[in-house]
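Remarks on the structure that follows.
Computed from the coordinates by the stated procedures, all read-outs in this text should not be read as laboratory data. Note that the coordinates shown come from a computational prediction; the quantities given were computed from them, not determined experimentally. Note that we place each Cβ from the backbone using ideal geometry, even for glycine, and neighbour counts take in every protein chain shown.
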Amino acid sequence: MLEKARELDAADSLAPFRDRFDLPEGVIYLDGNSLGCLPRATPARLAEVVAQEWGKNLIRSWNSADWISLPQRIGGKIAPLVGAQAHEVIACDSVSVNLFKLISAALAMQAQNGKRRKVILSEPGNFPTDLYMIEGLEAQGLAERRLAPRESIADAMDEDVALLLLTHAHYKTGELFDMAALTRAAHAAGALVLWDLSHSCGALPVDLNGCEADLAVGCGYKYLNGGPGAPAFAFVAERHHDALQQPLSGWMGHAAPFAFSDDYQPAPGVDSLLCGTAPILAMAALEVGVELIAEIGVARLHAKSQALSEFFRECLAAQGLELDLVSPPDPAKRGSQLSFRHPQAYALSQALIARGVIGDFRDPDILRLGFAPAYLRFEDMAEAARHLGEVLATGEWQRPEFAQRAAVT
Ligand SMILES: *Cc1c(COP(=O)(O)O)cnc(C)c1O
């Protein structure tokens, strides 16, 4: 398979982009869906921001380096990746905080339309923070959480549902929701929709406006390679801008922050989603990652992601390995990952990491392998599959050190 892999790499038009990332020797990184790799341009850009913009120009850089509009500027660069207009996306805060703001905004929009709807509908097993943020609003008496299994979400939609909140590509299995169909079903029931694009943005094409989505959030540190804890982004469809209201009414979301008025007056559109001062160093790193992904282009990334994961499966099959795949076997129905159920998934993931093949484990029994298409090679697929086969055949995963759980899995 290694030979075939090398032929595929030689024919891969995305191959040159691997060099735009700083990848450590001896590592096959199958966790770009959790923390994207470091773009080579990031350290120099950060050094410039630190030494020049901060160190020399100090506070003047808010204007001279245009720090003040970084959230809008980066949002505008993310927008084409998710099928949005530039002024519909803003980079700020974490996904969790953006969820709080947008769930609250959805409830406010429903109330403005005279609807007493409080139910936020989601699925059990959605990414924890999505469910927890609904709980937080529920504890304040503002929302009511309803969970329905993914097959019956459309049936669970009734006149009490204010908002449907779903993650487009499931973090554990990679399974995709039909964004267009579910958005239509929600609208038919009078509900709004908020899509969490954390595992989609930068790996597969998303068409928020084509689907008439209302709201969305997404992650900066996964496929956008913005660095650990990178700021996230939020989308609000233009037709909702006039009605947009969110409760974290911080000064940066004010129409005129430097008027220092005693009274809050929200900025128009997504600018009102800003709360406090943007973390400029983190924003600068995110901008480099976003620009690189935008340069490669999401359609090409998607095609390669599908080819990589299918080739990985081919390499497993060539070794006669039959693993319990929990991701959809059809690449069109999954994000850029393959997840396998195995009773010893944690020890397996640790044994692989010891061999330099970094994937991850998701409780209770999932070995999750992400295929970030911007920097992985087909050769990495062949090698990773070989390592997995060897770890299973030798029983090397049974070594006691591989059973010890670290704080972060
Ligand atoms: C990674 C991820 C998040 C991250 O949330 P943060 O608050 O930015 O840490 C949220 N939702 C989903 C679905 C994710 O995969």
Express the relative contact order of the chain as a whole percentage, based on alpha carbon pairs under 8 Å and six or more residues apart in sequence. 22
For region 300-409, report the % of Cα-Cα distances exceeding 25 Å. 16
Measuring from the lowest to the highest alpha carbon on each principal axis, how far does region 193-244 reach, largest first, in angstroms? 33, 21, 13
Starting from the eigenvalues of the Cα gyration tensor, five times each then square-rooted, give me the equivalent ellipsoid semi-axes of the chain, largest first, whole Å. 37, 27, 18
Taking every pair of alpha-carbon atoms in region 145-252, what share in percent sits in each 10 Å bin, from 0 to the bin with the longest distance? 13, 43, 35, 10, 0
Sites matching GluC sites (Glu not before Pro) across region 1-78 that sit in DSSP coil, with at most 13 neighbouring C-beta atoms within 10 Å: E25
Where nothing but the Cβ of Lys and Arg (+1) and of Asp and Glu (-1) is charged, how large is the charge dipole of region 45-295 around its Cα centre, in debye to the nearest 20? 320
So if we plug the beta-carbon distance of A10 and K115 into 1/(1 + (r/R0)^6) with R0 = 60 Å, what FRET efficiency do we get, rounded to 0.05? 0.55
Computed P(r) (all Cα pairs; region 40-117; 5 Å bins; percent): 3, 13, 12, 16, 18, 14, 10, 5, 4, 4, 1
Dividing the alpha-carbon radius of gyration of region 190-312 by 2.2 N^0.38 Å, where N counts its residues, gives 1.24
By the mean-Cβ-within-10 Å protection proxy, highest first, 10-23, 337-350 rank as 337-350, 10-23
Average the reciprocal distances over every distinct pair of alpha-carbons in region 310-369, invert the result, and give the Kirkwood radius in Å. 12.0
Picking from A51, P268, W62, whose Cα lies most toward the positive end of the charge dipole for region 45-295 (charges on Cβ: Lys, Arg +1; Asp, Glu -1)? A51
